[in-house]
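*Asks:* To start, I am sharing the structure in question, which I have written as structure tokens.
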Amino acid sequence: MPVNHKKSPSLPPPASEVGIVVWVKKNLFSTYANGVMSLAAIVLILLLLPPLLDWAFFSATWSGSNRADCNEDGACWIFIANRIDQVFYGFYPAELHWRPNLAGLLLIGLTIPLFIKSFHYKNWLGAFILIIYPFIAYFLIHGGSFGLEVVSTTKWGGLMLTLILSAVGIVASLPLGILLALGRRSKMPMFKSVCVVYIEFWRGIPLITVLFMASVMLPLFFPEGSDFDKLLRALIGITLFQSAYMAEVVRGGLQAIPKGQYEASEALGLNYPKSMGLIILPQALKLVIPGIVNTFIALFKDTTLVLIIGLFDLLAIINLALTDSEWLGFDDEGYVFAAFVFWVFCFAMSRYSIALEAKLHTGHKR
Amino acid sequence: MSAEHIIELNGVHKWYGDFHVLKDINITVQKGERIVICGPSGSGKSTTIRCINHLEEHQQGQIIVDGTELTGDLKHIEQIRKEVGMVFQHFNLFPHLTILENLTLAPIWVKNVAKAEAEAIAMKYLERVKIPEQADKYPGQLSGGQQQRVAIARSLCMNPKVMLFDEPTSALDPEMISEVLDVMVELAEDGMTMICVTHEMGFAKKVANRVIFMDEGEIVEENEPNEFFNNPQNERTQLFLSQIIQH
């Protein structure tokens with residue numbers, strides 16, 4: 001006897017329970033424990049948020065020229081506003097601020113087409129940004145040719161320095177990390193050992209030690225009088241240090257790629273560089289985007305450590321401002337502002353990585 | 001050596017550590033032959049065909065593909081891999097590329113074929129395996145049978161002289177096996193030289209001109225399909241055949 005000779009139609013799901021009350025009930029007060037925690041969270045938010053907002057915005061002083069203009073009850077943002085030039089550029093001469101500005105705008109302008117779908121020369125533009133642009137930026141900011149006045153790196157500072165340190169660190173440590181990760185998985189024992197020793201060495205020492213060595217010890221090995229730029233030394237130190245972390249993140253991705261992918265690309269006749277570049281790395285890097293961005297964010301925040309070797313990044317500039325006898329006692333404003341700037345950049349990186357993951361998602365694996 | 005011998009394995013031995021996986025394997029394949037290799041799991045059938053394109057390395061004996069001997073020499077390996085296509089049990093399509101990109105990748109990057117031409121070739125083979133409409137999808141969006149047909153087309157795009165099949169239907173749901181086998185039958189009818197490791201005895205009877213039975217790393221019996229299935233000589237072959245026919 002046929003059980004059901006007609007195809008069953010697909011029915012719509014049961015009338016869904018919508019509305020805010022239902023949502024709250026379902027998500028915040030679904031169980032006794034959940035309800036208690038939700039209540040506690042709400043109380044905490046009500047206790048903390050209003051005074052914080054009041055301090056930072058409603059009772060805050062936004063304009064004025066000196067201490068006397070500050071409102072006692074709120075944050076005094078004049079402190080930051082007065083020094084905004086230093087916060088952005090360090091000791092870079094004010095009349096030359098257009099040079100780093102131009103470099104920044106140029107980078108933004110060059111990057112925009114990368115996000116336009118119908119733009120066809122993304123690879124070339126990307127290569128230009130990575131290979132040619134750094135030289136343009138260097139000549140603009142440092143000067144010394146095309147009639148531009150030299151501004152020595154000792155005068156660079158503030159947010160500009162933070163961004164330069166992290167951008168160079170990020171751009172240089174990723175390819176180095178990839179090479180180290182591939183090296184660590186190499187079948188050639190010597191090559192592999194070199195990579196393992198490198199990674200384990202740099203991962204085993206604190207960044208502060210690296211920076212101290214770069215600024216204090218390294219010059220001892222150079223001939224008397226030879227001046228090796230301090231910023232460059234810090235950059236090299238940060239890059240070498242972070243590339244070791246990057247290598248391990250990338251290696252994790254490489255290990256997650258099934259053996260069949262290697263075999264299929266080999267069987268098709270792809271040699272090692274092509275098989276890595278076209279098949280394995282695109283998949284492996286996609287898998288470890290969260291780890292890579294995690295390392296980038298750590299690197300971004302670690303750049304603050306350069307203050308101990310006498311470079312004035314954003315945080316160091318704020319620290320310096322706090323010692324101004326005119327403005328003693330504005331630590332809260334200074335550090336809250338610095339934290340906010342760092343948070344904005346880190347949060348942007350985090351959101352970008354999520355967007356990138358979504359974009360590169362090509363359905364189910366394998 | 002006759003020019004018609006496209007593949008020769010002479011006294012091939014292989015060890016995994018101390019484990020002797022291939023023992024004195026001798027196979028000669030003429031152009032246009034369809035060879036089926038069967039045997040219980042762990043008998044070395046997959047290892048044998050994986051040695052032919054050097055996914056596995058043999059330690060003793062000689063493997064000659066289309067006049068080129070496989071040694072450790074990378075040039076020889078690359079040469080042979082251009083001539084030999086391979087289809088895997090788990091398809092091994094590249095999940096980050098579309099179907100069309102999966103097919104054009106090797107012709108473009110290994111044979112330096114122009115992109116437009118590679119795409120034309122790819123579409124030709126996609127039509128041949130009857131899924132041209134899936135060209136812009138990603139492998140993850142296709143069924144297992146479709147993926148395996150794409151994998152076959154991907155190999156064909158390199159215009160190989162020999163196709164190796166490593167249990168191409170073992171990972172498929174039953175209703176998808178025949179769509180893959182149909183493609184393989186057509187391929188055989190067109191005169192492609194094929195070596196298939198498979199448990200599809202129906203396919204072997206229909207297509208193969210020789211069946212090789214392996215057990216414990218050696219070739220136990222080798223015969224044309226009729227004799228092989230109806231009149232197996234060796235005890236182990238008889239046991240194997242009785243076991244797979246029982247169910």
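Derivation of every value follows stated rules applied to the coordinates shown; laboratory data play no part. From a predicted model like this one, the values you see are computed outputs, not experimental measurements. With ideal geometry, Cβ positions are generated from the backbone for all residues, glycine too; neighbour counts draw on all protein chains shown.
*Asks:* Around residue A:76, which amide H atoms from residues at least 5 apart in sequence, or from another chain, sit under 5 Å from its own amide H, with H modelled in the peptide plane?
*Replies:* For residue A:76, the qualifying residues are A:61.
*Asks:* Just name one of A:11, B:140, A:330: the one whose Cα is farthest towards the positive end of the charge dipole of the protein assembly as shown (beta-carbon charges, Lys/Arg +1, Asp/Glu -1).
*Replies:* Looking along the dipole axis, the top candidate is A:11.
*Asks:* Consider all pairwise Cα distances in the protein assembly as shown and report the whole-number % of them above 30 Å.
*Replies:* Counting pairs separated by more than 30 Å, the tail of P(r) holds 68 percent.
*Asks:* Residues of B:44-57, mean number of Cβ from any other protein chain within 10 Å of their own Cβ, rounded to a whole number?
*Replies:* Per residue, the number of nearby Cβ atoms from other chains is 1 on average.
*Asks:* In nm, to one decimal, how far is the modelled label at residue A:108 from the one at residue B:115, with both set 7 Å along Cα→Cβ?
*Replies:* The modelled label-to-label distance comes out at 3.2 nm.
*Asks:* What does the charge count around residue B:117 come to, taking other residues whose C-beta lies under 12 Å from its C-beta (Lys +1, Arg +1, Asp -1, Glu -1)?
*Replies:* For residues surrounding residue B:117, the net value is +2.
*Asks:* Same structure, new question: With the cut-off at 1.5 for a/c, could you classify region B:16-57 from its C-alpha gyration tensor as rounded, prolate or oblate?
*Replies:* Since a/c reaches 1.5 and a/b is larger than b/c, the shape of region B:16-57 is classed as prolate.
*Asks:* Mind checking A:256-265 for the average number of partner chain beta-carbons within 10 Å of each residue's beta-carbon?
*Replies:* The shielding value for this peptide is 5.
*Asks:* In the Gaussian network model of chain A, springs joining C-alpha atoms below 10 Å, which of A:192, A:117, A:26 carries the largest mean-square fluctuation?
*Replies:* Taking springs between Cα atoms under 10 Å, the residue moving most is A:26.
*Asks:* Considering only A:318, A:205, A:116, give the residue with the highest GNM mean-square fluctuation for chain A, with springs between Cα atoms whenever their separation is below 10 Å.
*Replies:* A:116
*Asks:* Here's a follow-up. If R0 is 45 Å, what FRET efficiency do you get for residue A:121 and residue A:325 from their C-beta distance, rounded to 0.05?
*Replies:* 0.25
*Asks:* I've got another one for you. How large is ³J(HN,Hα) for each residue in region A:90-106, as worked out from phi by the Karplus curve 6.51 cos²θ - 1.76 cosθ + 1.60 (θ = phi - 60°), to whole Hz, x for Gly and Pro?
*Replies:* With the stated coefficients, region A:90-106 comes to x, 9, 5, x, 4, 6, 9, 4, 4, 5, x, 4, 4, 4, x, 4, 4 Hz.
*Asks:* Which of the lysines could a cross-linker span from residue A:259 if the Cα-Cα distance has to be under 22 Å and same-chain partners fewer than 8 positions apart are dropped?
*Replies:* Within the straight-line cut-off, residue A:259 pairs with A:187, A:192, A:274, A:286, A:365, B:14, B:45, B:82.
*Asks:* Roughly speaking, what is the stretch gain from residue A:37 to residue A:73, that is 0.36 nm per residue apart minus the C-alpha to C-alpha distance, in nm to one decimal?
*Replies:* Result: 9.7 nm gained on full extension.
*Asks:* How large is the dipole of region B:94-216 about the Cα centre if only Lys and Arg carry +1 and Asp and Glu carry -1, each at its Cβ, rounded to the nearest 20 debye?
*Replies:* That gives a dipole near 400 debye.
*Asks:* Can you give the local net charge around residue B:56? Use residues other than it whose beta-carbon is closer than 9 angstrom to its beta-carbon, Lys and Arg +1, Asp and Glu -1.
*Replies:* Result for the neighbourhood of residue B:56: +1.
*Asks:* If one puts a single equal scatterer on every Cα of region A:16-58 and applies the Debye formula without solvent, what log₁₀ I(q)/I(0) results at q = 0.22 Å⁻¹?
*Replies:* Debye intensities relative to I(0), on a log10 scale: -0.73.
*Asks:* To the nearest Å, what is the center-to-center distance of region A:63-89 and region A:314-338, using C-alpha atoms only?
*Replies:* Taking the Cα centre of region A:314-338 as reference, the centre of region A:63-89 is 10 Å away.
*Asks:* Now a separate question. For chain A, modelled as a Gaussian network with Cα springs under 10 Å, which listed residue fluctuates most, A:73, A:302, A:313?
*Replies:* A:73
*Asks:* Give me Rg over Rh for chain A, both radii from the alpha carbons and Rh done the Kirkwood way, two decimal places.
*Replies:* 1.06
*Asks:* Quick one: if you stick a label point 7 Å off each Cα along the C-beta vector at residue B:229 and residue A:343, how many nm between them?
*Replies:* Placing both labels 7 Å along Cα→Cβ, they lie 7.4 nm apart.
*Asks:* Across region A:273-288, in residue order, what do the Karplus-derived ³J(HN,Hα) couplings come to in whole Hz, using 6.51 cos²θ - 1.76 cosθ + 1.60 with θ = phi - 60° and x for Gly and Pro?
*Replies:* Taking θ as phi minus 60°, the curve returns x, 5, 5, 5, x, 9, 10, 6, 4, x, 6, 5, 5, 4, 4, 9 Hz for region A:273-288.
*Asks:* Where does the charge balance sit around residue A:78 when Lys and Arg score +1, Asp and Glu -1, over other residues with C-beta under 13 Å from its C-beta?
*Replies:* Here the count lands on -2.
*Asks:* Can you check how the C-alpha radius of gyration of region B:1-141 compares to 2.2 N^0.38 Å, as a plain ratio?
*Replies:* Relative to the 2.2 N^0.38 Å estimate, region B:1-141 comes out at 1.22.
*Asks:* Moving on to the next point. Under 5 Å between amide hydrogens, which residues at least 5 positions from residue B:7 or on another chain qualify, with H placed 1.01 Å from N in the peptide plane?
*Replies:* Sorted by chain and number, the residues that satisfy this are B:29, B:66.
*Asks:* Across every pair of different alpha-carbon atoms, what Kirkwood hydrodynamic radius in Å does region B:138-230 reach?
*Replies:* After inverting the pairwise mean of 1/r, the radius is 14.3 Å.
*Asks:* Sticking with this structure for a sec: Evaluate peptide B:133-140: per residue, the Cβ atoms of other protein chains within 10 Å of its Cβ; return the mean as an integer.
*Replies:* 2
*Asks:* Run the paramagnetic zone check for residue A:191: 7 angstrom along Cα to Cβ, then residues of region B:1-35 with backbone nitrogen under 12 Å.
*Replies:* Counting only backbone N, you get no residues.
*Asks:* Where nothing but the Cβ of Lys and Arg (+1) and of Asp and Glu (-1) is charged, how large is the charge dipole of region B:163-247 around its Cα centre, in debye to the nearest 20?
*Replies:* Roughly 240 debye for region B:163-247.
*Asks:* Here is a further query. What full-extension length gain, to one decimal in nm, is calculated for residue A:46 and residue A:66 as 0.36 nm per residue of separation minus the Cα-Cα distance?
*Replies:* Length difference between fully extended and current span is 3.9 nm.
*Asks:* Going by average Cβ neighbours within 10 Å, how do the peptides B:216-226, A:166-176 rank, with the highest at the top?
*Replies:* Per-residue mean Cβ counts within 10 Å order the peptides as A:166-176, B:216-226.
*Asks:* From the phi angles alone, apply the Karplus equation (6.51, -1.76, 1.60; θ = phi - 60°) to region A:28-40 and give each ³J(HN,Hα) in whole Hz, x where the residue is Gly or Pro.
*Replies:* Along region A:28-40, the couplings run 9, 10, 5, 10, 4, 5, 4, x, 4, 5, 4, 4, 4 Hz.
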